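To start, the structure under review is shown below, and the notes come after it.
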Amino acid sequence: MEINIKHILNDETSPDDVVATLLKDRGIKDIDRFITPPLPTEIGLSEFFKESITFKKDWKKVVSLLQKIHKNKETIVVYTDYDADGVTGGAIMWETLHKLGFKAMPYIPDRKKEGYGFSTIGLDHVKKEFNPALIISVDHGIVAHKQITYAKEELGIPIIVTDHHQKQETEPEDALAVFHITALSGSGVAYFVAKEIVKECGEGVEFEEFKRDYVALAATGTIADLVPLTGMSRSIAKYGLEAYGKSVRYGLRHLLKEAGLEGKPITPYEVGYIIAPRINAFGRLDHALEALRLLCTKSYAKAIELAGKAGKINKTRQDLVISAQKKADKMANTEKKIIIVRDDEWEEGIIGLIAGRLMNKHNRPVVVITRSDGHAKASVRSVPGVDITAFLTSKEIRKYLIDVGGHAAAAGFSIELNMIDSFTEAAYKKADKEITEKMLVPIMHIDFYMPIKLVSLPIVTKLAQLEPYGMGNALPVFISQGIVKNILPFGKLKQYARVQLYDGDMGFLEVTFFEKPHSLLKIGNDVRIVYTLKLDTWGGKTKVAAMGRTVLDKV
């Protein structure tokens, strides 16, 4: 592992200097806007399409069709993805249309039978069940050229695409309109499109939900989908997290209660590791429409029932992942520059989690494949520097796949069973040629070396202005050197510890560890400890809390 320490702090470094250095490193030029981002309710959809010469024309077509559909009492289907980003965005879009008086129905494809995004099976089902005058996609559609053409020419259904994923060379030509914003999550795009629909079709009505519940839902999808928390995604995350405490939505309130988060501050950690997995669990092991019902229900009893179900399914998912992970670890060929594992018994809904864990453990791209409804599905995760969607859509690889989509860091595809061996051979060959050994060396990025004596409440208070932290705005990482003077275990099994460090200049720092490195320490060790800092308020008093990440030998 390489250690990359970017800056060294000294006695002359002020809290303002620390913040300014971080923002410069992250390419943030408008500091005031970053620290105090605009409210999402103050930003119109047109802000994202300033360079588009077709936006106004496309939007007029959308408004005209919506008005016609409303007048004729025809049906609109909101066709959304089954992950947390799609479900939250779908909830925003469907509920907005419903409250405006449209005859709107949500539709989420079955992960196993229909797969991700539009499919002819799913579109045929929608046509037969709802016979809609319009379909609005949420969190997918930008690469579904053939399916959108099929819907238009064979089924007579126009489609509006709202998406944020990487597109092909062109956008779907047969879509009625495309609102594609890569800087947002799928739920973020849905939020701004829905808000614009209210502006055009709501006769001056502005729903309070866009200031409260809808921005909380959009923040959930944004954080769950690992969208960089910069620009308007930062605004959504910041104000959405604050809105959690104001929500009167039964589903959100009982989801928090079931997860043990009732009345507690909600940060990206709670969303990413506790809330979003419960929303995702429905789509992984049941049907994601239940997750949408949980978020939108007006029934107190139904909210309790579905929140409880979310917890149970999530526990089942966790158990399945643990079992599958052990098997995947044994199968992984770490001599290869890309890891490819397959087991036809794995649940399709957990292969993305397996891929992510293998990638984190071995620091190389990972493809996890399982059988699904007559062919195979794969979930892919990648390391920085390897654009996995570009890898999969290259001429050497794309020819083996049925379909593929995703981001630089994560993707998914389907493939015929008889093509898996050929794909694997081609992927290994391409990886050997294009992925260098340096790309596979894990790098520990540390923002600052800080003498222990400089750790202070003013610095940590100033850093709090940069919250919420997440993708694109990582929690600052520090490293300090000192002598271990005391180790204070805690927890039922004494598995955690507070490690007290001193330096030779009267500096003192207590670092809390919830991982194993502290067990390697002994009193008197001269070490470097890597940690993060946060404010800890208890009993009306605020102090600095250092959270340990790892321990390194002294310089």
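The values are calculated or read from the model by the stated rules, or taken from the named source; none is laboratory data. Note that this is a predicted model, so its numbers are computed, not measured. Because the Cβ atoms are built from the backbone with ideal geometry, glycine has one as well, and the counts that use them run over all protein chains shown.
Residues in the range 210-233 that are closer than 16 Å to G44 by Cα and either surrounded by fewer than 24 Cβ atoms within 10 Å (Cβ to Cβ) or out of contact with any helix residue (DSSP H, G or I) (no Cβ under 8 Å at 6 or more places or on another chain) (or both): F210, K211, G231, M232. Within the range 207-221, being touching a residue at least 24 places away in the same chain (Cβ under 8 Å), out of contact with any Leu (no Cβ under 8 Å at 6 or more places or on another chain) and not basic (K, R) holds for F207, E209, F210, Y214, V215, A218, T220, G221. Applying the criterion of being without any contact (Cβ under 8 Å) to a residue 40 or more places away in the chain and closer than 17 Å to H375 by Cα to the residues of the range 405-443, the residue that is surrounded by the most Cβ atoms within 10 Å (Cβ to Cβ) is F413.
Residue by residue through the range 434-473, note down the ones that are aromatic (F, W, Y) and within 11 Å of V18 (Cβ to Cβ). Across the range 434-473, the qualifying residue is only F448.
The residues on offer are R212, R253, and the sole one that is basic (K, R), in contact with a Lys or Arg (Cβ under 7 Å, 6 or more places away or on another chain) and more than 30 Å from K112 (Cβ to Cβ) is R212. Criterion applied to A332, A281, A288 was being crowded, with 16+ Cβ neighbours inside 10 Å, over 30 Å from L217 (Cβ atoms) and among the hydrophobic types (A, V, I, L, M, F, W, C), and the one residue passing it is A332.
Scan the range 184-207 residue by residue and report those that are among the hydrophobic types (A, V, I, L, M, F, W, C) and over 25 Å from Q147 (Cβ atoms). Correct list: V198, C201, V205, F207. Between E209, E200, the distinction of being charged (D, E, K, R) and either within 14 Å of the chain's Cα centre (by Cα) or under 19 Å from F179 (Cα atoms) (or both) belongs to E200 only. On the stretch given as the range 26-68, residues that are among the β-branched types (V, I, T) and within 17 Å of K199 (Cβ to Cβ) total 4. Here the helices (runs of 4 or more DSSP H) wholly within the range 89-202 that include at least 3 residues being in contact (Cβ under 8 Å) with a residue 12 or more places away in the chain, in the same structural domain as K298 (by TED's automatic domain parsing) and surrounded by 24 or more Cβ atoms within 10 Å (Cβ to Cβ) are 186-201.
Scanning the range 11-39 for residues that are surrounded by 10 or more Cβ atoms within 10 Å (Cβ to Cβ) and over 17 Å from P476 (Cβ atoms) turns up D30, R33, T36, P37, P38, L39. The number of residues in the range 335-355 being over 20 Å from E434 (Cα atoms) and surrounded by fewer than 17 Cβ atoms within 10 Å (Cβ to Cβ) comes to 3. Looking across the range 63-88, the residues that are surrounded by fewer than 22 Cβ atoms within 10 Å (Cβ to Cβ) and of a type in the set (A, V, I, L, M, F, W, C) come down to V63, L65, L66, I69.
Return yes or no: is I322 within 21 Å of the chain's Cα centre (by Cα), closer than 30 Å to S372 by Cα and assigned to a helix (DSSP H, G or I)? Please lay out each step first, then the result.
On the way: within 21 Å of the chain's Cα centre (by Cα): no; closer than 30 Å to S372 by Cα: yes; assigned to a helix (DSSP H, G or I): yes.
In short, no.
Each row is one residue, and each column tells you yes or no for (1) touching a helix residue (DSSP H, G or I) at 6+ places or on another chain (Cβ under 6 Å); (2) over 18 Å from V19 (Cβ atoms); (3) assigned to a strand (DSSP E or B); (4) modelled with pLDDT of 95 or more.
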{"position": "I479", "(1), (2), (3), (4)": "no, yes, yes, yes"}
{"position": "G482", "(1), (2), (3), (4)": "yes, yes, yes, no"}
{"position": "L493", "(1), (2), (3), (4)": "no, yes, no, no"}
{"position": "T532", "(1), (2), (3), (4)": "no, no, yes, yes"}
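When A376, A411, A426 are checked against the criterion of being assigned to a strand (DSSP E or B), more than 27 Å from T182 (Cβ to Cβ), touching a Lys or Arg at 6+ places or on another chain (Cβ under 9 Å) and not assigned by TED's automatic domain parsing to the domain that holds M506, A376 stands alone in meeting it.
Condition check ((1) free of Cβ contacts under 8 Å to residues at least 12 places away in the same chain; (2) under 32 Å from the mean Cα position of the chain (by Cα)) across all residues:
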| site | (1), (2) |
| --- | --- |
| M506 | no, no |
| L509 | no, no |
| N525 | no, no |
| W538 | yes, yes |
| K541 | yes, no |
| A545 | no, yes |
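Here are the criteria: (1) crowded, with 18+ Cβ neighbours inside 10 Å; (2) farther than 26 Å from T220 by Cα. Tell me which single one L466 does not satisfy. The failed condition is (2). If I filter the range 295-303 for residues that are within 30 Å of M419 (Cα to Cα), in a helix (DSSP H, G or I) and without any contact (Cβ under 8 Å) to a residue 60 or more places away in the chain, do I get at least one hit? No; the residues of the range 295-303 include none that is within 30 Å of M419 (Cα to Cα), in a helix (DSSP H, G or I) and without any contact (Cβ under 8 Å) to a residue 60 or more places away in the chain.
Within the range 241-262, residues that are in the same structural domain as D213 (by TED's automatic domain parsing) and free of Cβ contacts under 8 Å to residues at least 24 places away in the same chain reach partners that are of a type in the set (V, I, T) and crowded, with 16+ Cβ neighbours inside 10 Å with beta carbons closer than 7 Å, at six or more positions or on different chains, in the pairs L261/I274.
Selection of the range 1-38 for residues being of a type in the set (D, E) and either part of a loop (DSSP other than H, G, I, E, B) or within 25 Å of the chain's Cα centre (by Cα) (or both) yields D11, E12, D25, D30. May I ask you to list the residues in the range 201-242 that are among the small types (G, A, S) and either modelled with pLDDT under 95 or touching a Pro at 6+ places or on another chain (Cβ under 9 Å) (or both)? Of everything in the range 201-242, those that are among the small types (G, A, S) and either modelled with pLDDT under 95 or touching a Pro at 6+ places or on another chain (Cβ under 9 Å) (or both) turn out to be G202, G204, A218, A219, A224, G231, S235, A237, G240.
Kindly establish whether A431 is under 28 Å from the mean Cα position of the chain (by Cα), at pLDDT 95 or above and in a helix (DSSP H, G or I). Taking the combined requirement at face value, the residue satisfies it.
Taking the range 1-10 as the range and being under 15 Å from P451 (Cβ atoms) and surrounded by 13 or more Cβ atoms within 10 Å (Cβ to Cβ) as the test, the residues that pass are I5, H7, L9. The residues on offer are K238, K246, and the sole one that is farther than 17 Å from E348 by Cβ and assigned to a loop (DSSP other than H, G, I, E, B) is K246.
Looking across A376, A431, one residue alone is among the small types (G, A, S) and within 30 Å of T120 (Cβ to Cβ). It is A376.
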